[in-house]
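Asker: I have a structure I would like to understand better, so I am pasting it below and will then ask my questions one at a time.
Just so it is clear, none of the values below were taken in a lab; they were calculated from the coordinates. Owing to the predicted nature of the structure, the values given are computational and were not obtained by experimental measurement. Here Cβ is always computed from backbone atoms with ideal geometry, including for glycine, and neighbour counts include all displayed protein chains.
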Amino acid sequence: MTRLRLVLWAGLLAAPLPVSAHSSVAGIGHFYNGFLHPLFVPAHLMLLLALSLCLGQQNNRLAEAGFAFYTAGLAAGLLLAGFALVPGEPTALLLLAMLSGLLVALGRPLARPLCLALAVAAGLALGLDSVHESLSGNDKWMFLCGCGLGVLFFSLYPLLLADKAKAALWMKTGVRVAGSWIAAAALLVLALAYAGTAGQLSGMPAVAPESRLTPPFQTGLALA
């Protein structure tokens, strides 16, 4: 766990300064907008928290391997998104967040293949859905680099928290409760999105438009 902390801090300190004023949060540049991006998209935040807590519940060797696979999946997703080769899918983020949250709530050790597959899938989904459609060229890549480091940096804290929680029963219970809340929130958003889509198909008013789940920076902080 100490090695993970050192790697993330080194990445943050080595980050380039922003070079453009065109950004979603005025004045901080594309890189730092990307860095903060996971905190402003509910589906990203839910998956980030759930997957990190799930990894933190595992033994140290599996947690470190899972974090490495998570990083590899994230890098692949960001590259695919940057070259517009594969579109992001917000529903996948919510499904993975729900699954990860349920696994956290169960609090059981995971089989190594399942843990690694979940980690790489989560990283890939986050990367694919991180593209900022209004940016291009160097601005887009600055934003995506910021997204990558932001996801990893903000994933480290819940991971370490879940690892520390192994020392006390009440802390482990708190982590499991947090996982159940994330799973319930993801399921609720999926249900509202499905109800909205069904309403549109039947001609009824939509309950929750799908557009609230899809574009980055249009979701704000609201879940529905």
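Asker: Out of the stretch 22-76, which residues are among the β-branched types (Val, Ile, Thr) and in contact with a helix residue (DSSP H, G or I) (Cβ under 7 Å, 6 or more places away or on another chain)?
Answerer: Within the stretch 22-76, Val25, Thr71 qualify.
Asker: Taking the condition of being in contact (Cβ under 8 Å) with a residue 12 or more places away in the chain and among the charged types (D, E, K, R), how many residues in the stretch 76-111 meet it?
Answerer: 1
Asker: Sticking with this one: Got a number for residues in the stretch 127-180 being among the polar types (S, T, N, Q) and part of a helix (DSSP H, G or I)?
Answerer: Count: 4.
Asker: Please go through the stretch 97-114 and give me each residue that is of a type outside the set (Lys, Arg) and surrounded by fewer than 24 Cβ atoms within 10 Å (Cβ to Cβ), ordered by number.
Answerer: Hits for the stretch 97-114 are Met98, Leu99, Leu102, Leu103, Ala105, Leu106, Gly107, Pro109, Leu110, Ala111, Pro113, Leu114.
Asker: Tell me, which residue of the stretch 68-85 that is hydrophobic (A, V, I, L, M, F, W, C), more than 13 Å from Leu51 (Cα to Cα) and buried (at least 21 other Cβ atoms within 10 Å of the Cβ) is farthest from the chain's Cα centre (by Cα)?
Answerer: Step by step, filter the stretch 68-85, then rank; the result is Ala81.
Asker: Of the conditions (1) crowded, with 19+ Cβ neighbours inside 10 Å; (2) touching a Leu at 6+ places or on another chain (Cβ under 9 Å), Leu160 satisfies every one except a single condition; which number is it?
Answerer: Result: Leu160 passes all but (1).
Asker: Test Gly88 against the criterion of being crowded, with 24+ Cβ neighbours inside 10 Å and under 18 Å from the mean Cα position of the chain (by Cα), and give yes or no.
Answerer: no
Asker: In the list Ser136, Ser130, Ser180, which residue meets the criterion of being among the polar types (S, T, N, Q), in contact (Cβ under 8 Å) with a residue 12 or more places away in the chain and surrounded by fewer than 23 Cβ atoms within 10 Å (Cβ to Cβ)?
Answerer: None of the other options fit; the residue is Ser180.
Asker: Can you tell me which residue in the stretch 115-127 is surrounded by the fewest Cβ atoms within 10 Å (Cβ to Cβ), limited to those that are over 23 Å from Ala84 (Cα atoms) and aliphatic (A, V, I, L, M)?
Answerer: Applying the filter and picking the extreme gives Ala117.
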